[in-house]
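These notes concern the structure reproduced below.
The values are calculated or read from the model by the stated rules, or taken from the named source; none is laboratory data. Note that the structure is a prediction, hence the values are computed from the model and not measured. Here the Cβ positions follow ideal geometry from the backbone for every residue, glycine too, while neighbour counts run over all protein chains shown.
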Amino acid sequence: MSQSAFLTKNYFPLDFDCSINLINVDMAAEAIYLLGEMERPTVYHVISPEDTGMSFIANFSCDFFGFIMPKFIPYEKFDFNKMSHGQRALANPFIPYCNHKTRFLSKKTQNVLGQHEFRFPLIDENNLGRVFQYCLDSGYMKKRKRTKASP
């Protein structure tokens, strides 16, 4: 099964109730810089205090790029044998983030960053829309071309 056949089958192993911690790369770089300036360096979790729901990411992504929402199947019930080796290789790095409800604590990090009046922006339609528009403008991604048969 080719990658395009996998995508047209319209299924993916994902728990729609999960959330993921997204931050913009430029904000991550700024946070790392500020944390690195501390006199007594220690280990910090550079994460946003707010998670973003997988349902929001999936819905907004499909709306923005014009794709049909895939059917999400719980990891435990998903038949990975129906995926080609290439499909598994593409999906495997993302599957843990899409199926486990792990939450990292970052109170110490947020307190230090707060001393510098630094706050991670909320990942909302505006923020994600700017990122997606950059992906379009740079040619990294393309919107789905709709045909009369497409919804």
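Kindly evaluate GLY86 against the criterion of being at positive phi and either surrounded by 14 or more Cβ atoms within 10 Å (Cβ to Cβ) or in contact (Cβ under 8 Å) with a residue 60 or more places away in the chain (or both). No; evaluated as a whole, the condition is false for this residue.
For region 31-59, the candidate set comprises residues that are of a type in the set (Asp, Glu) and surrounded by 12 or more Cβ atoms within 10 Å (Cβ to Cβ); within that set, the residue that is farthest from HIS100 (Cα to Cα) is GLU50.
Listed here are the residues, each with its yes/no results for (1) free of Cβ contacts under 8 Å to residues at least 24 places away in the same chain; (2) among the acidic types (Asp, Glu).
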| position | (1), (2) |
| --- | --- |
| ASP26 | yes, yes |
| ALA58 | no, no |
| PRO93 | yes, no |
| CYS98 | no, no |
| THR102 | yes, no |
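Listed by first and then second residue, the pairs with beta-carbon distance under 8 Å, at least 6 apart or on different chains, first residue in region 123-148 and in a helix (DSSP H, G or I), second modelled with pLDDT under 95 and of a type in the set (Val, Ile, Thr), are LEU128/ILE57.
Against the condition within 17 Å of PHE12 (Cα to Cα) and at pLDDT 90 or above, how does CYS135 come out, does it pass? Considered against the rule, which asks whether it is within 17 Å of PHE12 (Cα to Cα) and at pLDDT 90 or above, CYS135 comes out as no.
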